[in-house]
1. Could you list all residues from region 350-382 that are farther than 28 Å from residue 252 by Cα and surrounded by fewer than 24 Cβ atoms within 10 Å (Cβ to Cβ)?
2. Right, residue 269: outside the structural domain of residue 95 (by TED's automatic domain parsing), farther than 30 Å from residue 225 by Cβ and either exposed (fewer than 15 other Cβ atoms within 10 Å of the Cβ) or modelled with pLDDT of 95 or more (or both) or not?
3. Restrict the check to region 183-190 and report whether at least one residue is surrounded by 16 or more Cβ atoms within 10 Å (Cβ to Cβ), under 29 Å from residue 86 (Cβ atoms) and in contact (Cβ under 8 Å) with a residue 12 or more places away in the chain.
4. Read through the list (1) assigned to a loop (DSSP other than H, G, I, E, B); (2) out of contact with any helix residue (DSSP H, G or I) (no Cβ under 7 Å at 6 or more places or on another chain); (3) free of Cβ contacts under 8 Å to residues at least 60 places away in the same chain, then give the number of the only condition that residue 417 fails.
5. Can we say residue 135 is in contact (Cβ under 8 Å) with a residue 40 or more places away in the chain and either in contact with a helix residue (DSSP H, G or I) (Cβ under 6 Å, 6 or more places away or on another chain) or under 30 Å from residue 213 (Cα atoms) (or both)?
6. So how many residues does region 43-57 have that are crowded, with 23+ Cβ neighbours inside 10 Å and modelled with pLDDT of 85 or more?
7. Tell me the residue from 238, 178 that is farther than 24 Å from residue 304 by Cα and in contact (Cβ under 8 Å) with a residue 12 or more places away in the chain, please.
8. Which fully enclosed strands (runs of 3 or more DSSP E) of region 128-200 have 3 or more residues being more than 20 Å from the chain's Cα centre (by Cα) and under 28 Å from residue 34 (Cβ atoms)?
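The values are calculated or read from the model by the stated rules, or taken from the named source; none is laboratory data. None of the values given here were measured: they were computed from a predicted structure. Quick reminder, even Gly has a Cβ in these numbers, built from the backbone with ideal geometry, and neighbours come from all protein chains shown.
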């Protein structure tokens with residue numbers, strides 16, 4: 001039986017022989033044992049083509065239950081197919097929180113961990129940084145339980161689905177705190193001189209840079225017992241996505257119109273001051289993406305961000321440049337950690353997202369190429385699930401544990417059951 005899998009933005013179509021939808025661990029194991037080439041697909045929101053080429057696919061959408069709650073330790077164990085929306089809603093009900101959260105909740109736990117989904121803040125880590133135990137289904141169908149005292153956890157909890165299939169995952173949370181969130185437009189010169197101070201003065205810092213306008217939209221969050229909603233949003237703000245889509249469709253035949261479109265969008269939708277109060281999940285996580293996108297994201301060491309951003313802005317604004325970037329470019333911050341493939345391995349870093357609002361024409365969106373060139377000049381690391389052209393030995397220069405990861409992958413999956421043509425090229429095999 002032939003099956004077709006289509007990504008959320010319809011840019012990736014994948015024909016497979018078998019498409020499995022297990023609802024128990026035993027069914028996942030059975031699927032793995034009888035397949036020679038298999039990958040898990042999550043919500044299909046990766047811009048990188050990380051599933052195409054495998055004979056079989058597994059969706060864990062039906063494998064989404066709660067396994068265990070350990071209240072004294074603030075730990076929760078769930079099945080890897082659970083959507084973040086379900087997990088984070090339950091954590092909120094317990095009066096708990098994860099220290100940092102991504103900006104969307106529509107992806108699966110397993111997908112979010114495997115590709116490095118992350119939030120922002122001076123002490124923020126990718127979601128994988130809060131995993132203290134997991135059960136991993138290996139290529140031969142055996143299961144390995146990996147706890148926080150096992151050094152292998154630093155490889156497994158963020159591993160692109162190349163070491164095995166995550167079955168269950170245990171997160172360590174912390175007592176819930178409330179956040180006072182403030183948002184306002186700030187000129188580039190101001191936020192560029194202030195972001196290091198803001199990063200350590202606030203619990204949360206996020207900057208939506210508005211290229212070709214001279215502004216950023218700065219979002220800061222502070223822990224507070226009491227707070228308030230402030231600022232009135234114009235009635236038309238709810239139409240931002242529709243108006244943006246209407247404007248950006250003209251940037252396909254006329255790329256230079258992006259400058260005008262960005263200025264209009266900034267004036268309409270990123271020109272207000274507002275505040276909100278609630279849990280981290282309530283105030284910072286988008287409950288629905290609402291429209292399809294094509295994305296690239298790059299990470300640079302914190303101490304290299306200033307020079308990198310100056311290069312980026314100069315390049316995009318240069319008269320010789322014919323690349324124009326859509327609004328916004330999302331700037332977030334991560335602390336250093338020890339997870340092998342983490343963007344913040346061994347150093348604090350800054351992540352910058354680049355978005356195309358016309359995903360059907362993403363291959364002609366020159367900004368992706370130009371931005372990659374800039375970040376390569378500054379030692380940038382690409383987001384594993386988004387658009388980039390890096391491969392093979394290039395990663396060895398960026399990730400100190402790269403060769404160790406390749407050795408572990410070869411040991412756990414000697415026949416390449418979890419490899420695809422995309423990953424074979426990416427790993428340089």
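1. 378, 379 - these are the residues of region 350-382 that are farther than 28 Å from residue 252 by Cα and surrounded by fewer than 24 Cβ atoms within 10 Å (Cβ to Cβ).
2. On the way: outside the structural domain of residue 95 (by TED's automatic domain parsing): yes; farther than 30 Å from residue 225 by Cβ: yes; either exposed (fewer than 15 other Cβ atoms within 10 Å of the Cβ) or modelled with pLDDT of 95 or more (or both): no.
When the stated conditions are applied, residue 269 does not pass them.
3. Going through region 183-190, the residues surrounded by 16 or more Cβ atoms within 10 Å (Cβ to Cβ) turn out to be 183-186, 188.
Filter once more, so that each one left must be under 29 Å from residue 86 (Cβ atoms): 183.
Okay, now just the ones that are also in contact (Cβ under 8 Å) with a residue 12 or more places away in the chain, so 183.
Yes, the conditions are met somewhere in region 183-190.
4. Result: residue 417 fails condition (3) only.
5. Details: in contact (Cβ under 8 Å) with a residue 40 or more places away in the chain: yes; either in contact with a helix residue (DSSP H, G or I) (Cβ under 6 Å, 6 or more places away or on another chain) or under 30 Å from residue 213 (Cα atoms) (or both): no.
When the stated conditions are applied, residue 135 does not pass them.
6. Selection size over region 43-57: 1.
7. Working: 238 fails: in contact (Cβ under 8 Å) with a residue 12 or more places away in the chain.
Of 238, 178, the one residue that is farther than 24 Å from residue 304 by Cα and in contact (Cβ under 8 Å) with a residue 12 or more places away in the chain is 178.
8. Details: elements: 131-137, 143-147, 165-172, 178-187.
Of the strands (runs of 3 or more DSSP E) lying wholly inside region 128-200, those with at least 3 residues that are more than 20 Å from the chain's Cα centre (by Cα) and under 28 Å from residue 34 (Cβ atoms) span 131-137, 143-147.
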